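One structure below.
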Amino acid sequence: MSDSRFFSTHRPWEDWFGMLLGALIVVSPWFPLQPTHDVMNAERSVMILNTFVVGMLVFGLAQLEYVALQRWEEVAEIALGLWLIASPLIFGYSGDEFLRVWHAALGGIVVLLGALQLWQDWRLSDQELTRHPQ
């Protein structure tokens, strides 16, 4: 029988996956499958800045979880994922279907990963959190 604790234990690969998600979020405005945008306007600049900041924060939180695990990091990761999902509506680029779908998908994965990690660490004491495997 397989390890029944696979999803009940916070593993280092989850933190590495979070770092990969952060990097993907940062580069998402420039994915090659996206139609070209020859015009650089203020709305696109705000969207790129928002995407960069969210991606870097997701990346940084995943690194922080890898080094010093705390529950607030996972809650912040969930909030960032929800923000990324809502960003196309907030910043007005919901008409760009490619980015809207990508940001919804990446944000959803970030939310699911953060919720999984929070669920895994919910019952751990502070001492157990400091012994997070690296």
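The values are calculated or read from the model by the stated rules, or taken from the named source; none is laboratory data. Model, not experiment: these values are computed from the prediction. Every residue, glycine as well, gets a Cβ built from its backbone with ideal geometry; the counts of neighbours run over all protein chains shown. SASA here: full protein model, heavy atoms, side chains in, ligands and nucleic acids out. Shrake-Rupley method; radii C 1.70, N 1.55, O 1.52, S 1.80 Å.
Below are the figures for this structure:
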{"quantity": "Output for the range 109-134, where each listed residue is assigned to a helix (DSSP H, G or I) and at pLDDT below 75", "calculated": "ASP126, GLN127, GLU128, LEU129, THR130"}
{"quantity": "Residues of the range 78-108 satisfying the condition of being open to solvent by 70 Å² or more (accessible area, probe 1.4 Å), of a type in the set (A, V, I, L, M, F, W, C) and either outside any helix (DSSP H, G or I) or farther than 24 Å from ALA42 by Cβ (or both)", "calculated": "LEU82"}
{"quantity": "Subset of the range 72-111 [free of Cβ contacts under 8 Å to residues at least 12 places away in the same chain and touching a Lys or Arg at 6+ places or on another chain (Cβ under 8 Å)]", "calculated": "SER94"}
{"quantity": "Residue check, VAL53 more than 17 Å from VAL111 (Cβ to Cβ) and within 13 Å of the chain's Cα centre (by Cα)", "calculated": "yes"}
